[in-house]
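Working notes for the structure below.
The values are calculated or read from the model by the stated rules, or taken from the named source; none is laboratory data. All of these numbers come straight from a predicted model, not from anything done at the bench. Glycine also receives a Cβ, built like all others from the backbone with ideal geometry; neighbour counts cover every protein chain displayed. Accessible surface is based on the protein model in full, side chains and every heavy atom, while ligands, DNA and RNA are left aside. Shrake-Rupley method; radii C 1.70, N 1.55, O 1.52, S 1.80 Å.
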Amino acid sequence: MSSLVAQPLTAAAYAPYGHVLMASPEGQPGKEANQGTARRYDHLCPIVDHRPGKATLNVSVFRCAPRAIAPFRVTLLEKHPASTQVFIPMNAQRYLVLVALGGDRPDLSTLKAFLATGTQGVSYLPGVWHHPMIALDSTIDYT
């Protein structure tokens, strides 16, 4: 059994697994919106659907209870081979993201842990192995 240390979630470090969703992820100025009271940041991640035919976009809310993480044993990884999956925290301070690459099975040599802030959402590219969301400090709702 090996140990994994969580690293801060950055766009560059997370790129093999998906996209970091946040305002100005790469320092972009954004576009003015709402009569000048907001900045808008477009096209933060592609939404991919490789299913035959036409799938319907499903927007859900997951309410996740916090988990003890010292030590946290990874016993489950899942993937969605045909589509993007996106999680945006609605009320988080921080949470943990576990991801890995691989085909029929996760390649554990690519397993990474990222510590995300409440201002960061994540997308998983199609086929990326991931652990269900891990709330750390309190119950978190994700959309």
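As a test of the formula, what do you get for the chain when each DSSP H run with n ≥ 4 contributes -39,500 (n - 2.57) and the sum is divided by the residue count, at 222 nm and rounded to the nearest 500 deg cm²/dmol? Mind dumping the intermediate values first?
Details: 1 runs with 4 residues, N = 143.
Helix contribution divided over all residues of the chain: -500 deg cm²/dmol.
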Query - Magnitude of the charge dipole, the stretch 79-143, Cβ model with Lys/Arg +1 and Asp/Glu -1, debye to 20 - result: 80
Report summary line: Percent relative contact order for the chain, counting Cα pairs under 8 Å at least six residues apart, stands at 34
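Taking K and R as +1 and D and E as -1, what net charge do the other residues with C-beta under 12 Å from the C-beta of Arg39 add up to? Display every interim value, and only then the final one.
On the way: positive: Lys31, Arg40; negative: Glu32, Asp42.
Spelling it out: positives minus negatives among the neighbours equals 0.
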Query raised in the report: To the nearest whole percent, what portion of all C-alpha pairs in the chain is separated by more than 26 angstrom?
Result: 27
Report summary line: Scaled by the rule-of-thumb 2.2 N^0.38 Å, the alpha carbon Rg for the stretch 60-143 gives a ratio of 1.05
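Using a 1.4 Å probe, what is the accessible area per residue for the stretch 58-122, in Å²?
Numbers: 3980 Å² over 65 residues.
Per residue, the stretch 58-122 has 61 Å² of solvent-accessible surface.
Only four residue types carry charge here, +1 at the Cβ of Lys and Arg and -1 at the Cβ of Asp and Glu. Report the dipole size of the chain about the Cα centre in Debye, rounded to the nearest 20.
Values: 12 positive and 9 negative charges, 28 e Å.
Here the chain has a charge dipole of around 140 debye.
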Query - Spatial separation of Cα centroids for the stretch 20-43 and the stretch 62-107, in angstrom - result: 26
Query raised in the report: Largest first, how would His130, His50 line up by accessible area (1.4 Å probe)?
Result: His50, His130
Query raised in the report: Gaussian network model of the chain, Cα springs within a sub-10 Å range: biggest mean-square fluctuation belongs to which of Val128, Val59, Val86?
Result: Val59
Query raised in the report: What is the mean projected area of the alpha carbon convex hull for the stretch 44-87, to one decimal in square nanometres?
Result: 4.9
